[in-house]
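Undergrad: Below: one structure in structure tokens.
The values are calculated or read from the model by the stated rules, or taken from the named source; none is laboratory data. Predicted model, so just to flag it, every value in this text is computed and none were measured. Positions of Cβ are backbone-derived with ideal geometry, glycine not excepted, and every protein chain shown enters the neighbour counts. The area values use the complete protein model at the heavy-atom level, side chains included, leaving out ligands, DNA and RNA. Shrake-Rupley method; radii C 1.70, N 1.55, O 1.52, S 1.80 Å.
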2 protein chains.
Amino acid sequence: MKLKMMYSFLNSDLQIIENELEETIQTERALLQEASLHLLQAGGKRIRPVFVLLAGKFGQYDIHKIKYVAVALELIHMASLVHDDVIDDAELRRGKPTIKAKWDNRIAMYTGDYIFARSLELMTMVENIEAHQILSNTIVELSKGEIEQIRDKYNYDQNLRVYLRRIKRKTALLIAASCQLGAVSANAPSQIHKSLFWFGYYVGMSFQITDDILDFTGTEEQLGKPAGGDLWQGNITLPVLYAMEDFELNRKIRTINENSTKEEIQGIIDSIKKSDAIERSFQLSDRYLNKAFKELEKLPNGIAKRTFNNVAKFIGKRKY
Amino acid sequence: MKLKMMYSFLNSDLQIIENELEETIQTERALLQEASLHLLQAGGKRIRPVFVLLAGKFGQYDIHKIKYVAVALELIHMASLVHDDVIDDAELRRGKPTIKAKWDNRIAMYTGDYIFARSLELMTMVENIEAHQILSNTIVELSKGEIEQIRDKYNYDQNLRVYLRRIKRKTALLIAASCQLGAVSANAPSQIHKSLFWFGYYVGMSFQITDDILDFTGTEEQLGKPAGGDLWQGNITLPVLYAMEDFELNRKIRTINENSTKEEIQGIIDSIKKSDAIERSFQLSDRYLNKAFKELEKLPNGIAKRTFNNVAKFIGKRKY
């Protein structure tokens with residue numbers, strides 16, 4: 001089953017989200033408008049809005065209230081992608097040129113700032129102080145994760161714990177917050193908030209690990225950007241850490257630096273793919289997914305729970 | 001009288017603000033901590049916190065409540081400076097190397113993101129939805145101003161209106177918001193909010209115009225960075241726009257581009273200083289200042305009003 005089919009009952013609400021996204025970034029500033037719209041129209045899975053809406057179904061669901069949270073979270077995610085592309089010097093995302101590639105780093109930095117500012121403005125529509133506290137704490141963690149990503153580049157002495165903390169901040173916490181905020185803003189019973197948070201957290205960890213695996217195993221067509229980009233940019237991900245447990249691979253991987261040639265890196269990528277690193281990474285991803293399913297069991301039955309279950313399964317098996 | 005002497009009755013409260021600033025940026029991430037602290041310790045006039053506190057004196061002043069607004073606004077200002085220095089490729093600020101100079105552009109971008117995130121987290125201590133709306137609208141305008149500054153670089157066909165709108169977004173609105181938010185968060189009578197907003201707005205306009213003049217007339221020692229930096233970076237400010245009304249100067253200024261030599265630009269700066277552009281710029285700054293004084297008249301008498309009056313006078317005459 002395709003991802004979008006799993007939540008087709010949300011279609012009309014997701015259309016409202018899509019319209020609101022476009023409306024929110026509207027500005028009379030042509031350059032800003034063009035850059036933001038370029039990003040928006042590159043698409044994406046809109047996982048965060050979907051999770052907000054599904055979590056909202058455990059409370060008093062009102063699309064005209066919950067949409068603000070859903071749109072704000074997607075915009076925060078988008079803003080962080082724009083800044084990430086500056087750091088990673090990325091040329092392509094989702095098969096389209098990045099803002100930094102189409103314009104330049106300065107425009108990308110300020111477009112990120114602008115989209116982020118817009119998301120905050122939208123969040124003021126939510127008159128719930130708990131929601132604001134959750135979101136702002138998440139954003140602080142997200143920005144710490146960004147700095148960690150720079151610090152840990154080309155650092156071959158980082159351990160698994162450092163990697164897991166980084167992807168927690170980079171990805172898992174925002175997905176966890178999406179679930180939690182959906183429940184909070186729909187006034188769902190408070191014992192549900194925590195389960196939804198942990199469900200989102202575990203799914204997010206699994207999601208990012210799969211992302212890091214696909215960077216090795218996916219094709220350029222599937223990924224919408226060149227494969228092997230992480231290693232190329234010095235991002236040490238789970239498959240690399242596992243591969244480094246092998247003495248010979250460890251020696252090879254440590255030779256990679258900013259001046260490595262494409263051929264050198266491709267050779268190492270091929271070796272990693274031949275090792276057990278990919279399989280072991282999938283196993284860890286699955287372990288997080290199982291934890292997610294366990295959290296889900298604590299939630300009341302219904303279409304939202306079933307859909308969360310299907311989406312989580314899909315994320316564990318996805319190929320793009 | 002020195003600026004700080006004018007509000008010595010706020011000394012102990014400003015010390016609380018200073019401590020809170022340092023505490024807020026605390027993090028276990030060494031790099032982030034070092035970069036943020038570097039910025040904090042470079043000092044600054046702390047005009048925004050001072051204005052918040054003074055505005056708060058028109059309501060139920062409680063330093064332990066209002067400090068959150070004061071610190072958040074200073075942090076937002078600091079975050080925007082860090083991103084500005086990336087765009088302007090600035091090496092020095094307040095006599096110290098900028099973050100982008102001491103580390104690099106990537107660290108500067110993320111340090112700005114982090115400081116900004118921290119300010120949002122702090123703002124959640126303020127349980128007043130109006131305050132959040134004012135602040136987020138201001139931040140959106142600020143980020144539009146940032147993009148405008150890039151767009152308008154080396155654009156010699158911009159008019160006075162474009163310049164004024166840019167400095168409004170870049171500077172005046174955040175100072176206006178400082179005054180307004182101080183009043184709002186201290187529950188001052190609502191008719192006072194608007195007057196304080198406009199007072200801050202006019203002072204902010206005058207402040208930025210003076211800043212743009214000083215970039216021509218100040219010494220490197222006074223400015224804490226090389227004089228003439230604006231023209232060097234393609235920032236077309238008020239003295240330049242006035243100077244361009246002269247046919248000969250207009251022709252000369254238009255020759256400036258990213259490849260101009262230091263000698264060429266210095267020659268043009270000297271010509272601008274000899275023209276009436278500086279004097280006319282001071283006149284416009286004074287006109288804004290007079291508008292600020294008129295707004296002040298509408299406010300109830302007391303030490304806060306007297307201090308605002310003195311600070312505004314100082315800003316109009318400042319040499320650094």
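Undergrad: Quick one: go through region B:210-254 and flag any residue whose amide nitrogen is under 13 Å from the point 7 Å out along the Cα-to-Cβ line of B:R287.
TA: Flagged as within label range: B:242.
Undergrad: How far is helix A:303-317 tilted, in degrees, relative to the longest principal axis of the Cα atoms in chain A, given as a value from 0 to 90 rounded to the nearest 10?
TA: Result, in degrees: 10.
Undergrad: Principal axes first, then extents: for the Cα atoms of region A:3-317, list largest minus smallest coordinate on each axis, whole Å, largest first.
TA: The principal-axis extents, from largest down, are 57, 48, 33 Å.
Undergrad: Give me the distance in nm between label points sitting 7 Å out from Cα along the Cα-to-Cβ direction at A:D246 and B:Q133, one decimal.
TA: Using points 7 Å along Cα→Cβ, the separation is 6.1 nm.
Undergrad: Using only Cα atoms, figure out Rg for the protein assembly as shown and give it as a multiple of 2.2 N^0.38 Å.
TA: For the protein assembly as shown, the normalised Cα radius of gyration is 1.02.
Undergrad: Along Cα→Cβ at 7 Å, what distances in nm separate the B:Q266 label point from those on the other copies, shortest first?
TA: Relative to the other copies, B:Q266 has label-point distances of 5.2 nm.
Undergrad: Here's a follow-up. Once you wrap a convex hull around the alpha carbon atoms of region B:70-191, what is its projected area averaged over all directions, in nm²?
TA: 8.7
Undergrad: Specify the angular offset, from 0 to 90 degrees and rounded to the nearest 10, of the alpha carbon long axis of helix B:11-24 from the longest principal axis of the alpha carbons in chain B.
TA: Relative to chain B, helix B:11-24 is tipped by roughly 80 degrees.
Undergrad: Which single residue of chain B puts its beta carbon nearest to the axis of rotation relating B to A, and what distance, in whole Å, does that give?
TA: Spelled out, residue of B and its Cβ distance from the axis onto A: B:M109, 3.
Undergrad: Run through every distinct alpha carbon pair of region B:177-320 and return the Kirkwood hydrodynamic radius in angstroms, one decimal place.
TA: 16.8
Undergrad: Still on this structure: Taking the mean number of other Cβ atoms within 10 Å as a proxy for protection, how do you rank B:271-279, B:244-252 from highest to lowest?
TA: Order by mean packing, descending: B:271-279, B:244-252.
Undergrad: Taking just the alpha-carbon atoms of region B:136-255, what radius of gyration and Dmax come out, in angstrom?
TA: Taking only Cα atoms of region B:136-255, I get Rg and Dmax of 16.5, 55 Å.
Undergrad: Still on this structure, I have one more. Suppose R0 equals 60 Å; then what is the FRET efficiency for A:L37 and B:K313 from their Cβ-Cβ distance, rounded to the nearest 0.05?
TA: The formula returns an efficiency of 0.85 here.
Undergrad: Here's another thing I want to ask about it. Once the label point is set 7 Å along the Cα-to-beta-carbon vector, what list of distances in nm do you get between A:P300 and its counterparts in the other copies?
TA: 5.1
Undergrad: Now a separate question. What is the count of Lys pairs in region B:45-149 whose alpha carbons sit under 18 Å apart, if the two are 8 or more places apart or on different chains?
TA: Step by step, the pairs that qualify in region B:45-149 add up to 4.
Undergrad: Return the average number of partner chain Cβ atoms within 10 angstrom of each residue Cβ along peptide B:119-132.
TA: 4
Undergrad: Taking region B:216-266, how much of its Cα-Cα pair set, in percent, is spaced more than 16 angstrom apart?
TA: Here the tail beyond 16 Å accounts for 43 percent of pairs.
Undergrad: Going 7 Å from the Cα of A:K273 in the Cα-to-Cβ direction, what parts of region A:226-257 have a backbone nitrogen less than 18 Å from that spot?
TA: A:226-233, A:237-244, A:249, A:253
Undergrad: Setting aside same-chain residues fewer than 8 positions from B:K262, which lysines have a Cα under 19 Å from its Cα?
TA: Partners within reach: B:K153, B:K225, B:K252, B:K273, B:K274.
Undergrad: Quick check: the angle from helix B:190-217's long axis to the longest principal axis of chain B, C-alpha only, nearest 10 degrees?
TA: The angle comes out at about 30 degrees.
Undergrad: Separate question: Counting only heavy atoms of protein chains, what accessible area per residue, in Å², does region A:3-317 have with a probe of 1.4 Å?
TA: Value returned for region A:3-317: 40 Å² of accessible area per residue.
Undergrad: Ok, one more. Name the long-range amide H neighbours of B:R93: under 5 Å, sequence gap of 5 or more, or other chain; modelled H, no Pro or chain starts.
TA: B:T98
Undergrad: Let me see the pair-distance distribution of region B:1-141: every alpha carbon pair, 5 Å bin width, integer percents in order.
TA: Here the calculated profile for region B:1-141 is 2, 9, 20, 22, 19, 15, 9, 4, 1.
Undergrad: Output wanted: per-residue J couplings in Hz (rounded whole) for region B:86-94, from phi through Karplus 6.51 cos²θ - 1.76 cosθ + 1.60, θ = phi - 60°, x for Gly and Pro.
TA: Whole-Hz 3J(HN,Hα) from phi for region B:86-94: 5, 5, 7, 6, 7, 8, 10, 8, 6.
Undergrad: Just from its helices, what would the mean residue ellipticity at 222 nm be for the protein assembly as shown, if runs of 4 or more DSSP H residues each count -39500 (n - 2.57) and the sum is divided by every residue, rounded to the nearest 500 deg cm²/dmol?
TA: Helix-only estimate at 222 nm: -22500 deg cm²/dmol.
Undergrad: Moving on to the next point. Which value, in Å² and to the nearest 10, is the accessible area of B:T261 when all protein chains are kept and the probe is 1.4 Å?
TA: Approximately 60 Å² of B:T261 is accessible to the 1.4 Å probe.
Undergrad: For region A:3-317, what does the relative contact order come out to in percent, with C-alpha contacts under 8 Å and a separation of six or more?
TA: This gives 20 percent for region A:3-317.
Undergrad: Can you list the HN-Hα couplings for region A:161-173, worked out from phi with the Karplus curve (6.51, -1.76, 1.60; θ = phi - 60°), rounded to whole Hz and with x for Gly and Pro?
TA: 4, 5, 4, 5, 5, 5, 6, 4, 6, 5, 10, 5, 5
Undergrad: 7 Å along Cα→Cβ for the label point: how many nanometres lie between A:Q60 and each equivalent label in the other copies, listed shortest first?
TA: Sorted ascending, the copy-to-copy spacings read 2.9 nm.
Undergrad: A further question follows. When the Karplus curve 6.51 cos²θ - 1.76 cosθ + 1.60 is applied with θ = phi - 60°, which whole-Hz ³J(HN,Hα) does each residue of region B:224-240 get, with x for Gly and Pro?
TA: In residue order, the calculated couplings are x, 7, x, 5, x, x, 4, 5, 4, 8, x, 7, 8, 10, 4, x, 5 Hz.
Undergrad: Pop a pseudo-label 7 angstrom from the Cα along the beta-carbon direction at both B:R94 and A:E23 and give the gap in nm to one decimal.
TA: 4.2
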